[in-house]
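To start, I am sharing the structure in question, which I have written as structure tokens.
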Amino acid sequence: MDLTLNPEHREFAEVVRRFAATKLAAGALERAHHHGLDRELNKMLAEQGLIGITIPEEHGGQGGDLMSAVQAIYEVALHCPTAADLVQAGNFGAIRTFAQYASTEQRERFLPGLLSGEKLIGLGMTEPGAGSAVTELTTTAKEDGAGYLINGTKIFGTHSVDADFFLIYVRFGPGTGGIGSVLIERGAEGLNFGQPTEFMSGEKWCQLYFDNCWIPKENVLLGEGGFKKQISGFNVERLGNSTRALALGRHAFNIARDYALDREQFGRPLCEFQGLQWKFADCAVELDSAQLLLYRAVTDLDDKGLPSAYNTAAAKLASNRAGFHAANEAVQVMGGTGYSQESLVEYCFRRTRGWMIAGGSIEILQNRIAENVFGRRFSQRKG
């Protein structure tokens, strides 16, 4: 398998790199400590063609492949980590699931605003009693006349503070087959928001409460039996998580490398101390190895154009670990400077730590990998 970039991807990556270097790098530190959606930045990214890369042209997207989206996220993150979050949101996760399974009417109603960067879609999957055990969700959708009544709650929702509408996982009936999803617009009667809570990264989320929140049937994205389709798209979302973890680790690594070249202690540059050389050597190998696993996941696709569960699990596990280790070592190498908010290194440290939890914890990923190794499922449920 060829795990190198082809000429088209290399050219695209170079275009994104130049844009990020000239338009995004200068404000990267300020953006990292500004909490809240930068809608003007989102519009600028859309104008640059970095939103909707994997969405077909007939639906208003760029018609690109997964590798192009991964390269866009990676190159932007190397210059402005927070801008990469918007590129992620504009290509993977809720927007991709929506674009793939939405009806013509739903696409016409919502997709133009998303692709122009004027609107943002949020995701509501996790519940207080159902984190990694997503099939145990209890938020219900009960038929009511020409629509459905939604009752339940969601936590840790992506863009829950800022999103204009939400893709919400709900239960239409019992069992895994009863799980599907609906679209709920901000301002819908019966949708209430908890007080925003801040993650270690500085990002904010708020609990979503659905109290007899009525939606028309036209807002059902995937009805009963839709769970498997939704979760297959989740493998793709993990590629975005992996890419950002890898890129932020590389970003911190690069900053620390330059620091070690210039900073002198005891009369010589830090890079001449063997103990620090080994830190950089280990991180370089881990980052390069994770990147190859990521490229494998992006290029080794099934007949539906989707990566395998094993490849995405391996890529995310390796990228999460390598990214966090590189950022952690960068903080250590730079000492007080790396620990200070005057450097993006400490921000990269905080962000990469979160991705070892979000999108499938590293322990869940290890379970999935072990199942592939042994060729059998290992249920985590009691009994």
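The values are calculated or read from the model by the stated rules, or taken from the named source; none is laboratory data. Note that the structure is predicted; figures quoted are calculated from it, not measured. Cβ sites come from the backbone with ideal geometry, for glycine too, and all protein chains shown count toward neighbours. The area values use the complete protein model at the heavy-atom level, side chains included, leaving out ligands, DNA and RNA. Shrake-Rupley method; radii C 1.70, N 1.55, O 1.52, S 1.80 Å.
Can you give the net charge of the other residues whose Cβ lies under 12 Å from the Cβ of Ser289, counting K and R as +1 and D and E as -1?
That works out to -1.
Hey, another quick one. For the range 97-174, what is the percent of antiparallel DSSP beta bridges, rounded to the nearest 5?
Values: 7 of 12 bridges.
Around 60 percent antiparallel, to the nearest 5.
At 222 nm, what value in deg cm²/dmol follows for the chain if DSSP H runs of at least 4 each add -39500 (n - 2.57) and the sum is divided by all its residues, to the nearest 500?
Using -39500 (n - 2.57) per qualifying helix, the result is -16000 deg cm²/dmol.
Here's a follow-up. Among Ala309, Gln48, Asn212, whose Cα lies farthest out toward the positive end of the dipole of the chain, if unit charges sit on the beta carbon of Lys, Arg (+1) and Asp, Glu (-1)?
Of the candidates, Ala309 comes out farthest on the positive side.
Give me the percent relative contact order of the chain, please, defined on Cα pairs under 8 angstrom at least 6 residues apart.
Rounded, it is 14 percent for the chain.
If you average the C-alpha positions of the range 266-340 and of the range 107-130 separately, how far apart do those two centres end up, in angstrom?
With the range 266-340 and the range 107-130 each reduced to a Cα centre, they are spaced 30 Å.
Could you run the Karplus curve 6.51 cos²θ - 1.76 cosθ + 1.60 with θ = phi - 60° over the range 164-170 and give me ³J(HN,Hα) per residue in whole Hz, x for Gly and Pro?
8, 7, 10, 9, 10, 6, 9
Taking the Cβ of Gly180 as the center, what net charge do the other residues with Cβ under 13 Å away carry, scoring Lys and Arg +1 and Asp and Glu -1?
Details: positive: Lys142, Arg171, Lys217, Lys228, Lys229; negative: Glu143, Glu224.
Charge balance near Gly180 sits at +3.
Sticking with this structure for a sec: Ignoring ligands, DNA and RNA, what accessible area per residue does the range 270-383 give at 1.4 Å, in Å²?
52 Å²
Per 0.36 nm of contour for each residue apart, how much would the distance between Glu108 and Glu224 grow if the chain were fully extended, relative to their Cα-Cα spacing?
So the extension gain works out to 39.4 nm.
Could you pull out every residue, at least 5 positions away or on a different chain, whose amide H is within less than 5 Å of the one on Leu123? Hs are placed 1.01 Å off N in the peptide plane, and Pro or chain starts have none.
Correct list: Thr158, Leu167.
If you don't mind, there's one more thing I want to ask. Quick query: amide H of Ile51 versus all other amide H atoms, modeled in the peptide plane; which residues come in under 5 Å with a sequence gap of 5 or more or a different chain?
Those qualifying (amide H under 5 Å, at least 5 residues apart or on another chain) number zero.
For the range 115-123, what does the Karplus curve 6.51 cos²θ - 1.76 cosθ + 1.60, with θ = phi - 60°, yield as ³J(HN,Hα) per residue in whole Hz, taken in order and with x for Gly and Pro?
Residue by residue, the range 115-123 yields 6, 7, x, 7, 10, 9, 9, x, 10 Hz.
List the GluC sites (Glu not before Pro) within the range 105-207 that DSSP assigns to loop and that have no more than 12 neighbouring Cβ atoms inside 10 Å. Could you put the intermediate results ahead of the total?
Values: sites: Glu105, Glu108, Glu118, Glu136, Glu143, Glu185, Glu189, Glu198, Glu203; in loops: Glu118, Glu189, Glu203.
Sites meeting the loop and neighbour criteria: Glu189.
I've got another one for you. Which net charge results when you count Lys and Arg as +1 and Asp and Glu as -1 among the other residues whose beta-carbon is under 9 Å from that of Thr54?
Result for the local shell: 0.
Subtract the Cα-Cα distance of Val285 and Ala25 from 0.36 nm times their separation in residues, and report this length gain in nm to one decimal. Don't skip to the end; give the middle numbers.
Working: separation 260, 0.36 × 260 = 93.60 nm, distance 2.60 nm.
Separation in residues times 0.36 nm, less the Cα-Cα distance, equals 91.0 nm.
Do me a favour and compute the ellipsoid semi-axes for the chain from its Cα gyration tensor, root of five times each eigenvalue, largest one first, whole Å.
For the chain, the semi-axes come out at 36, 22, 21 Å.
Under 18 Å from a label point 7 Å along Cα→Cβ of Lys142: give me every residue in the range 210-237 with its amide N that close.
210-217, 224
Here is a further query. Compute the relative contact order of the range 1-116 as a whole-number percentage, counting only Cα pairs closer than 8 Å that sit 6 or more residues apart in sequence. Present the calculation step by step, with values, prior to reporting the outcome.
On the way: 114 pairs, mean separation 34.7, N = 116.
Computed value for the range 1-116: 30 percent relative contact order.
Counting only residues 5 or more places away or on other chains, whose amide H sits under 5 Å from the amide H of Leu221 once H atoms are built in the peptide plane?
The answer is Ser181, Val182, Leu183.
Keeping all protein chains in place, calculate the accessible area per residue for the range 1-78 (probe 1.4 angstrom), answer in Å².
With the other protein chains kept in place, the range 1-78 gives 51 Å² per residue.
By its C-alpha gyration tensor, with a ≥ b ≥ c as the square roots of the eigenvalues, how is the range 73-164 shaped: rounded for a/c under 1.5, else prolate for a/b larger than b/c, else oblate?
Note, shape of the range 73-164 comes out oblate.
Oh, and also: Using θ = phi - 60° and the Karplus relation 6.51 cos²θ - 1.76 cosθ + 1.60, list the HN-Hα couplings for the range 79-87 in order, rounded to whole Hz, with x at every Gly or Pro.
After applying 6.51 cos²θ - 1.76 cosθ + 1.60, I find 10, 8, x, 6, 5, 5, 4, 6, 5 Hz.
With a 1.4 Å probe and every protein chain left in place, work out the accessible area per residue of the range 186-244 in Å², rounded to a whole number.
49 Å²
Related question: Kindly provide the GluC sites (Glu not before Pro) of the range 302-377 that DSSP labels as loop, not H, G, I, E or B, and whose Cβ sees at most 12 other Cβ atoms within 10 Å.
Filter output for the range 302-377: Glu342.
From the square roots a ≥ b ≥ c of the eigenvalues of the alpha-carbon gyration tensor of the range 120-180, which class results: rounded (a/c under 1.5), prolate (a/b over b/c), or oblate?
Details: a/c = 2.27, a/b = 1.18, b/c = 1.92.
Oblate.
When a/c is below 1.5 the answer is rounded, else prolate if a/b is larger than b/c, else oblate, so apply that to the range 275-383 with a ≥ b ≥ c taken from the square roots of the Cα gyration tensor eigenvalues.
Taking the square roots of the gyration eigenvalues as a ≥ b ≥ c, the range 275-383 is prolate.
Continuing with the same structure: Please give the FRET efficiency for Gln277 paired with Ser340, using the beta carbon to beta carbon distance and R0 = 35 Å, rounded to the nearest 0.05. Display every interim value, and only then the final one.
On the way: r = 24 Å, r/R0 = 0.69.
After rounding to 0.05, the efficiency reads 0.90.
While we're on this one: Could you give log10 I(q)/I(0) at q = 0.13, 0.18, 0.30 Å⁻¹ for the range 14-77, computed by the Debye formula over C-alpha point scatterers of equal weight, without solvent?
The calculated log intensity ratios at q = 0.13, 0.18, 0.30 Å⁻¹ are -0.38, -0.71, -1.33.
Which whole-number percent is the relative contact order of the range 225-383 (Cα, under 8 Å, 6+ apart)?
Reported relative contact order: 30 percent.
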